[in-house]
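The values are calculated or read from the model by the stated rules, or taken from the named source; none is laboratory data. If you're wondering where the values come from, they're calculated on a predicted model, not measured in any experiment. Here the Cβ positions follow ideal geometry from the backbone for every residue, glycine too, while neighbour counts run over all protein chains shown. Only protein heavy atoms, including side chains, enter the accessible area calculation; ligands, DNA and RNA are left aside. Shrake-Rupley method; radii C 1.70, N 1.55, O 1.52, S 1.80 Å.
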Amino acid sequence: MDEKRKEFDRELEDLIKKAEGLIPDELLPDLPYMEMAPDVHDWYMFEHELWGVGEEIRQFLSKKKKSPNKLQIDRIVNICLDKRAKRGRQSFVLLLGRKQYTNYASKIATILNDADVDGQVINTLYKMQAGQYVELMKPFLNHKQTWIRNEAKRFIQKFE
């Protein structure tokens with residue numbers, strides 16, 4: 001393995017460890033609704049921080065123009081699936097929105113009905129070209145959030 005790949009793996013490993021360390025040991029209750037958005041729960045600080053680490057990883061991967069190895073992707077998927085991470089998972093779900101990660105679609109689809117990440121899951125499955133989930137998308141055509149309705153509509157139009 002060349003030195004650049006080793007350095008890339010070390011840096012990505014540090015970011016993934018940082019993310020994993022932010023996830024609480026237990027599932028915390030939702031916070032009260034925000035005054036400015038009465039149908040949205042306030043965010044815990046760790047959710048903001050975790051979301052930010054996912055964004056750091058996205059920028060890092062974009063800058064380095066390399067892909068994570070299988071173990072790294074597996075750990076990212078595990079963050080996506082960990083409900084204790086709440087909405088901090090959104091940026092991690094979006095990291096998987098590439099055709100090369102289609103083999104993870106069945107795992108990501110298991111969190112489609114999780115309101116903390118449902119829109120991001122629809123977007124990611126669309127980008128993965130995972131068209132086998134059309135029936136699962138149909139209920140989202142009536143979602144209260146317009147952007148999620150639109151993501152579901154786009155998915156269904158492309159794959160139905």
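Here are the numbers for this structure:
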| read-out | value |
| --- | --- |
| Selection within segment 119-133 - in a helix (DSSP H, G or I) and either open to solvent by less than 10 Å² (accessible area, probe 1.4 Å) or over 19 Å from ILE156 (Cβ atoms) (or both) | GLY119, VAL121, ILE122, THR124, LEU125, MET128 |
| Residue list for segment 21-45, filter: of a type in the set (Asp, Glu) and either in contact with an Asp or Glu (Cβ under 9 Å, 6 or more places away or on another chain) or over 22 Å from LEU81 (Cβ atoms) (or both) | ASP30, GLU35, ASP39, ASP42 |
| Single unsatisfied condition, ASN113 versus (1) over 19 Å from LEU94 (Cβ atoms); (2) assigned to a loop (DSSP other than H, G, I, E, B); (3) among the polar types (S, T, N, Q) | (1) |
| Only listed residue being over 16 Å from LYS18 (Cα atoms), open to solvent by 70 Å² or more (accessible area, probe 1.4 Å) and of a type in the set (S, T, N, Q), chosen from THR110, THR102 | THR110 |
| Enumeration of residues in segment 134-149 that are under 22 Å from CYS80 (Cβ atoms), open to solvent by 30 Å² or more (accessible area, probe 1.4 Å) and either in contact with a helix residue (DSSP H, G or I) (Cβ under 9 Å, 6 or more places away or on another chain) or among the polar types (S, T, N, Q) (or both) | LEU136, PRO139, HIS143, GLN145, TRP147 |
| Subset of segment 29-47 [exposed (fewer than 14 other Cβ atoms within 10 Å of the Cβ) and either of a type in the set (A, V, I, L, M) or under 30 Å from ASN69 (Cβ atoms) (or both)] | LEU31, MET34, MET36, ALA37, VAL40, MET45 |
| Matching residues, segment 103-124, being of a type outside the set (S, T, N, Q) and more than 17 Å from ILE79 (Cβ to Cβ) | ALA115, GLY119, ILE122 |
| Residues satisfying the stated conditions in segment 61-72, i.e. out of contact with any Ser or Thr (no Cβ under 8 Å at 6 or more places or on another chain) and in contact (Cβ under 8 Å) with a residue 24 or more places away in the chain | LYS64, LYS66, SER67, PRO68, ASN69, GLN72 |
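To keep it simple, each residue is scored yes or no on (1) touching a residue at least 40 places away in the same chain (Cβ under 8 Å); (2) crowded, with 18+ Cβ neighbours inside 10 Å.
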{"site": "LEU27", "(1), (2)": "yes, no"}
{"site": "GLN59", "(1), (2)": "no, no"}
{"site": "CYS80", "(1), (2)": "no, yes"}
{"site": "ARG84", "(1), (2)": "yes, no"}
